[in-house]
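Some notes on the structure that comes next.
The values are calculated or read from the model by the stated rules, or taken from the named source; none is laboratory data. Predicted, not measured: the structure shown is a model, and the values here were computed from it. Positions of Cβ are generated from backbone atoms using ideal geometry, with glycine treated the same way; all protein chains shown enter the neighbour counts. Surface areas here come from the heavy atoms of the whole protein model, side chains and all, with no ligands, DNA or RNA. Shrake-Rupley method; radii C 1.70, N 1.55, O 1.52, S 1.80 Å.
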Amino acid sequence: MEGKRRMIEVEMLKKDLDHQRIEELMSATFSKRRKEIVGDQPLIGDVMTRWPAMFCERQVRAEFKRIVSTDLLESFLNGLDDLVPRLLEVYEAVTKSGKKPALKAILDCVKKDNTNERRRTAALLGLPHYLSEDPSDIIRMCDAHGENLAAAMKGMQLGLLIGYEGDNQDAFPEVFDVAVVVEENIVLHNFKDVPSSFTMLLGIIYCVNLEYPRAMKYSFEFLQKVVMKIKPDEASARVHGVRNKLLSADTESWDHGAVLREIRNAFKQKIPEDVSCELLMACGNKLIAPMLRDGQQLDASLIHTILKLKALYVRPSRQLEPENSDTSCCEEEEEDVEMVRSVATRASGLFNPGRDQLDHPTMSATSSLAPASTVASSLVPDSTPQSTTTSTDYRAYLSVIDLSSDEDGDEDLYTALSASMEDQIKESSSGSVPVQEILSTLEALAQSSVFEGTEGNLNLALDSSAVREDRYFVTGRAIAVSLVHGGPSPNFLSQTLFDCIVQGPEKSRPNLGDIADSEIREKIQKVSESTTLEELTQSTEPLQDYLANAGCLKPLKSVDDRDRLVEDVLMFQVINRVRGPFERFRDGLKTLGVLEQIQNHPESFSPVMCYNPRPLTADQVDGLFHIRWSEEGSNQKREERTVVAFWRDYLQDVEEEDGSKKLGDILAFATGSDAVPPIGFSPQPSLEFLHPSGGAAKFPVANTCISCLRLPIYSTYDCFKTNMDFAIRNTQGFGMP
């Protein structure tokens with residue numbers, strides 16, 4: 001291999017390059033090159049020295065195809081052309097409200113010269129501005145003849161340097177040359193348009209195994225997963241929302257009947273003509289049909305407006321009989337799910353795969369529907385009869401949205417909910433665990449300045465910025481919307497805060513554990529432990545200023561005054577001090593009638609709002625893991641199905657033989673935690689497979705930093721069980737046997 005690598009170096013020194021010979025040598029050394037780049041992570045200068053052939057347009061395209069099996073230029077430009085019209089429309093709509101002036105400047109350039117190339121350029125350069133990202137360190141412009149390149153590239157770790165001639169009066173002037181820059185080095189240049197250079201930048205990122213720059217991570221993710229359709233199902237919530245907004249343009253005119261017809265068509269006549277279908281929404285752990293006002297229908301536009309990023313469910317009027325009972329049923333069912341997912345996404349952007357159970361109480365005491373499930377399972381109803389109920393809360397919400405001609409309110413709600421997901425970093429104090437982005441909205445809220453306290457026992461904190469920006473109201477509304485639309489439950493509120501929500505602050509009785517400030521808590525604890533008047537007086541001396549500010553400074557005549565003083569201090573610190581923020585938080589919970597339902601059914605909502613750890617079960621552990629399957633129809637997929645069956649049998653055996661403690665050991669092996677956190681895991685635990693082709697493996701391997709469990713391929717259950725038991729018993733630390 002090393003000899004062939006050196007031959008590439010020799011070939012690249014020739015004046016007339018033999019491209020076919022270089023191609024053959026690059027293909028032959030692909031595995032060696034990937035091992036070096038991915039494993040050693042060398043500097044870009046070292047890569048250019050050792051693999052000079054890779055830094056030309058021809059080889060970037062070839063290398064990209066070796067990695068992804070997709071033509072780089074064709075997939076990028078074709079995908080971009082499909083989206084350019086809608087992207088420009090969306091940009092235009094945003095600028096009409098006076099927002100994002102940089103977008104307006106870009107659109108003005110297109111109006112002056114409406115060629116296809118300029119439209120592509122506007123779509124690409126406008127994308128980071130639309131996503132509220134700062135492209136200044138990734139996309140730079142310079143005078144092609146008047147600026148020093150070193151100065152122009154200073155600080156550029158990854159991006160494009162666009163050279164122009166003449167005056168730079170427009171948002172993007174006439175291009176003279178575009179260069180791809182990595183680590184302040186020009187690795188590719190002589191591109192005469194921005195779209196082609198963007199394509200090569202993406203290609204270089206793949207070829208050299210680089211991370212997307214943080215300042216434009218959503219823009220690059222959009223280009224990969226939406227434009228090029230590479231791993232589109234793994235898009236983040238933000239990119240998924242933008243994609244749905246773009247794709248909904250052609251279907252917003254669909255009425256209720258058209259939506260149902262498209263779903264029927266997706267199932268290729270597998271739903272008999274005499275079977276009607278009903279659209280349902282998640283409401284707690286139930287599915288309900290919304291009650292609409294006269295003249296209103298649940299069309300694609302209304303569904304899209306209300307249930308962004310949420311699930312759409314279809315229920316047939318009777319049990320559907322499977323066409324056959326052989327093993328192909330599973331594959332056909334998966335195919336059906338994909339078809340419905342496509343239709344639902346095109347119609348309203350609602351399908352949210354992977355949420356098999358919604359662990360929230362019903363919003364209506366009379367509702368008695370089956371638990372929410374994915375589209376495929378909801379198409380085969382339970383054998384027990386179920387009734388569909390309506391919700392006046394939904395009706396009111398639907399009517400408000402439908403009557404409103406101003407979409408800014410809805411957009412503001414979406415922005416408020418998603419803003420807390422972005423750019424929040426959690427880093428371990430030891431540095432042994434890599435930083436992780438907090439993608440869950442509720443998890444981000446729980447860790448924000450709105451709350452204080454220990455994990456799973458949070459009370460409202462007093463934060464002036466949160467008061468000024470009304471984040472307490474937004475937090476309450478986020479929780480309400482999440483509960484109604486089948487999202488994650490809070491599971492982190494203290495019992496004291498929950499009691500305040502249910503019965504009011506006046507009737508709540510906080511305890512010492514509710515005080516987040518350890519210094520104040522220790523001082524109050526000393527007061528509560530006083531047994532004589534002298535001890536009581538001494539213990540309150542360090543608190544004189546605090547008691548005066550709290551309005552609790554009173555003469556102490558006997559030790560009997562102790563309990564009253566402690567009660568007054570607890571009420572001030574935990575409840576009265578944050579009374580204003582609490583009222584705004586409670587106002588937010590009124591969204592969709594959630595507060596009223598919490599107050600009417602506190603016993604049902606308490607397990608949802610407050611952390612109440614329960615013993616692990618085999619089904620619960622299995623449901624935590626997202627399975628990363630190989631390609632459908634491959635031999636590896638068949639082997640993986642066998643191993644997954646072993647995995648589920650193993651969990652059942654462990655539960656029956658050893659109970660929840662051993663299940664906790666398994667969970668700790670995979671994630672580093674022997675219990676499910678109050679707001680769940682982030683990232684979600686995943687299950688992958690170690691195939692023999694990737695090197696023989698005997699024992700399972702876990703990466704607790706990303707909660708990933710990798711299982712070898714076993715042929716018998718006994719072998720699987722023996723090796724799993726050995727790995728779990730003998731593993732310490734991060735789960736590496």
Q: Mind jotting down the three principal axis lengths of the stretch 476-600 based on Cα atoms? Whole angstrom, largest first.
A: 57, 23, 21
Q) Roughly speaking, what is the stretch gain from Ala102 to Glu2, that is 0.36 nm per residue apart minus the C-alpha to C-alpha distance, in nm to one decimal? A) 31.0 nm
Q.
Using 24 Å as the Cα-Cα cut-off, could you pick out the over-long pairs in Lys217/Lys245; Lys65/Lys245; Lys507/Lys557?
A. Lys65/Lys245; Lys507/Lys557
Q | Inter-label distance for Arg318 and Val559, nm, one decimal - labels placed 7 Å from Cα along Cα-to-Cβ | A | 7.9
(Q) Tell me the relative contact order for the stretch 12-169 as a rounded percent, counting alpha carbon contacts under 8 Å between residues six or more apart. (A) 12
(Q) Could you compute how much accessible surface Val474 exposes when probed at 1.4 Å, giving the result in Å² to the nearest 10? (A) 30
(Q) Placing +1 on the Cβ of each Lys and Arg and -1 on the Cβ of each Asp and Glu in the stretch 59-193, which of Val94, Gly163, Gly126 has its Cα farthest towards the positive end of the resulting dipole? (A) Val94
Q: Leaving ligands, DNA and RNA out of it, work out the accessible area of Phe473 with a 1.4 Å probe and give it in Å² to the nearest 10.
A: 40
Q) Quick one: which of Lys112/Lys154; Lys35/Lys154; Lys698/Lys721; Lys231/Lys721; Lys112/Lys225; Lys661/Lys721 span more than 22 angstrom between C-alpha atoms? A) Lys112/Lys154; Lys35/Lys154; Lys231/Lys721; Lys112/Lys225
Q: For Asp113 paired with Gln41, estimate the spin-label separation in nm (one decimal), with each label point 7 Å from Cα along the Cα-to-Cβ line.
A: 4.1
(Q) Full-extension gain between His256 and Tyr717, please, as 0.36 nm times their residue separation minus the C-alpha to C-alpha distance. (A) 161.0 nm
Q: Quick one: order Lys507, Lys721 from most to least accessible surface, probe 1.4 Å.
A: Lys507, Lys721
Q. Taking a probe of 1.4 angstrom, what is the accessible area of Arg6 in Å², to the nearest 10?
A. 140
(Q) Considering only protein heavy atoms and a probe of 1.4 Å, how much of the accessible area of the stretch 545-631 is carbon and sulfur, as a whole percent? (A) 46
Q: Keeping every protein chain in place, order Cys719, Cys500 by accessible area at 1.4 Å, biggest value first, i.e. largest first.
A: Cys719, Cys500
Q: Please give, to one decimal in nm, the separation of the simple spin-label points placed at Arg614 and Asp545, each 7 Å out from Cα toward the Cβ.
A: 4.8
Q) In what order, largest first, do Tyr313, Tyr611 sit by accessible area if the probe radius is 1.4 Å? A) Tyr611, Tyr313
Q | Among 464-470, 569-575, 231-237, the order from most to least packed when residues are scored by Cβ within 10 Å on average | A | 569-575, 231-237, 464-470
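About the Cα centre, and with charges only on the beta carbon of Lys, Arg (+1) and Asp, Glu (-1), how big is the dipole of the stretch 1-103? Nearest 20 debye, please.
Values: 19 positive and 18 negative charges, 59 e Å.
I would put it at about 280 debye.
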